[in-house]
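Chemist: Supplied in structure tokens, the structure appears directly below.
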Amino acid sequence: MRTFHYLSLLLLLLLASACVQIKGSTPPSHFFILESITTSPDILSDSYFIIAIELTEFPEHLKRSQIVTRQQNNIIHISEIQRWATPLEDQVLNLIANNLRLLLPESTVVIKPWQINRQVDHTLQISVKKMSGILGQKTDVDIRWQLADQKGAKYPGHYIDQRPIDDSYEGLVKALNRGLEGLSRELARELAKQGS
């Protein structure tokens, strides 16, 4: 009977030790953020206008802290270790707003819901269809946008960006940054054209 108790106790200690080892071997998470334009931006307009931006659509499967990548045959991979530091949809909207502030420095850029005493000159709606990539291959960014002025005139646009990337998450995030920088420049050019 005593032997049974000793064996049970030994087995319990072995299981507890295995749990501690398994928990201790989990690699640490890495957290990523998208960054605004880091080089000196070309100022595309010195006109003053108020731009209000809102995100009207964002893929549900990307609304998570884990970084989502695509694999072959429409399969997605959700990393438990590689994560966004803040919600990706917030990062995208803030990055575009910050980039527009750099490219159109005389303008005021606000994010919906906005609280401003003046009427906005332009409303910019962003609809993200795709924003991911296949590690070791390319990114896949597909964003539709619509610019509307005070008179109700609407100017739609469609931005697609695919960039080669290495097999790292750092490479993916850098390429997504460059893609969103390209979108920001396209939007700033359109706003400058409408504001002139």
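Chemist: May I ask you to list the residues in region 72-95 that are among the acidic types (Asp, Glu) and within 9 Å of the chain's Cα centre (by Cα)?
Modeler: Correct list: Glu89, Asp90.
Chemist: Just name the residue that is farthest from Thr39 (Cα to Cα) out of those in region 92-117 that are touching a strand residue (DSSP E or B) at 6+ places or on another chain (Cβ under 8 Å) and modelled with pLDDT under 90.
Modeler: Ile116
Chemist: Does Ala148 fit the bill of being surrounded by fewer than 19 Cβ atoms within 10 Å (Cβ to Cβ), in contact with a Leu (Cβ under 6 Å, 6 or more places away or on another chain) and not charged (D, E, K, R)?
Modeler: Judged against the criteria, Ala148 is not a match.
Chemist: Residue check, Gln146 against (1) touching a Phe, Trp or Tyr at 6+ places or on another chain (Cβ under 8 Å); (2) modelled with pLDDT under 90; (3) not aliphatic (A, V, I, L, M), all met but one. Which one?
Modeler: Checking Gln146 against (1) touching a Phe, Trp or Tyr at 6+ places or on another chain (Cβ under 8 Å); (2) modelled with pLDDT under 90; (3) not aliphatic (A, V, I, L, M), the one that fails is (2).
Chemist: In addition: Only one of (1) under 22 Å from Ile37 (Cβ atoms); (2) touching a residue at least 40 places away in the same chain (Cβ under 8 Å); (3) of a type in the set (A, V, I, L, M, F, W, C) fails for Ile134. Which number is that?
Modeler: Looking at each condition in turn, Ile134 falls short on (1).
Chemist: I would also like to ask the following. What's the total number of residues in region 73-103 that are surrounded by 18 or more Cβ atoms within 10 Å (Cβ to Cβ), of a type in the set (S, T, N, Q) and in a helix (DSSP H, G or I)?
Modeler: 2
Chemist: Please tell me if Asp161 is touching a strand residue (DSSP E or B) at 6+ places or on another chain (Cβ under 8 Å), surrounded by 19 or more Cβ atoms within 10 Å (Cβ to Cβ), of a type in the set (D, E, K, R) and within 30 Å of Tyr48 (Cβ to Cβ).
Modeler: Numbers: touching a strand residue (DSSP E or B) at 6+ places or on another chain (Cβ under 8 Å): yes; surrounded by 19 or more Cβ atoms within 10 Å (Cβ to Cβ): yes; of a type in the set (D, E, K, R): yes; within 30 Å of Tyr48 (Cβ to Cβ): yes.
It is true that Asp161 is touching a strand residue (DSSP E or B) at 6+ places or on another chain (Cβ under 8 Å), surrounded by 19 or more Cβ atoms within 10 Å (Cβ to Cβ), of a type in the set (D, E, K, R) and within 30 Å of Tyr48 (Cβ to Cβ).
Chemist: What single numbered condition from (1) in a helix (DSSP H, G or I); (2) in contact with a Phe, Trp or Tyr (Cβ under 6 Å, 6 or more places away or on another chain); (3) within 17 Å of Leu191 (Cα to Cα) fails to hold for Glu106?
Modeler: Of (1) in a helix (DSSP H, G or I); (2) in contact with a Phe, Trp or Tyr (Cβ under 6 Å, 6 or more places away or on another chain); (3) within 17 Å of Leu191 (Cα to Cα), only one is false for Glu106: (1).
Chemist: In this structure, does Leu12 turn out to be modelled with pLDDT under 75, among the aliphatic types (A, V, I, L, M), assigned to a helix (DSSP H, G or I) and out of contact with any strand residue (DSSP E or B) (no Cβ under 6 Å at 6 or more places or on another chain)?
Modeler: So Leu12 fits the description; yes.
Chemist: Can you run down the residue pairs with Cβ atoms below 9 Å, 6 or more apart or on separate chains, where the first is in region 89-116 and aromatic (Phe, Trp, Tyr) and the partner is in a loop (DSSP other than H, G, I, E, B) and surrounded by 19 or more Cβ atoms within 10 Å (Cβ to Cβ)?
Modeler: Trp114/Val120
Chemist: Do you know which residues across region 43-72 are under 17 Å from Ser132 (Cβ atoms), in contact with a strand residue (DSSP E or B) (Cβ under 9 Å, 6 or more places away or on another chain) and not in a strand (DSSP E or B)?
Modeler: Matches in region 43-72: Phe58, Pro59, His61, Leu62, Arg64, Ser65, Gln71, Gln72.
The values are calculated or read from the model by the stated rules, or taken from the named source; none is laboratory data. No experiment lies behind these values; they were computed from the predicted model shown. Please note: Cβ atoms are built from the backbone with ideal geometry, for glycine as well, and neighbour counts cover all protein chains shown.
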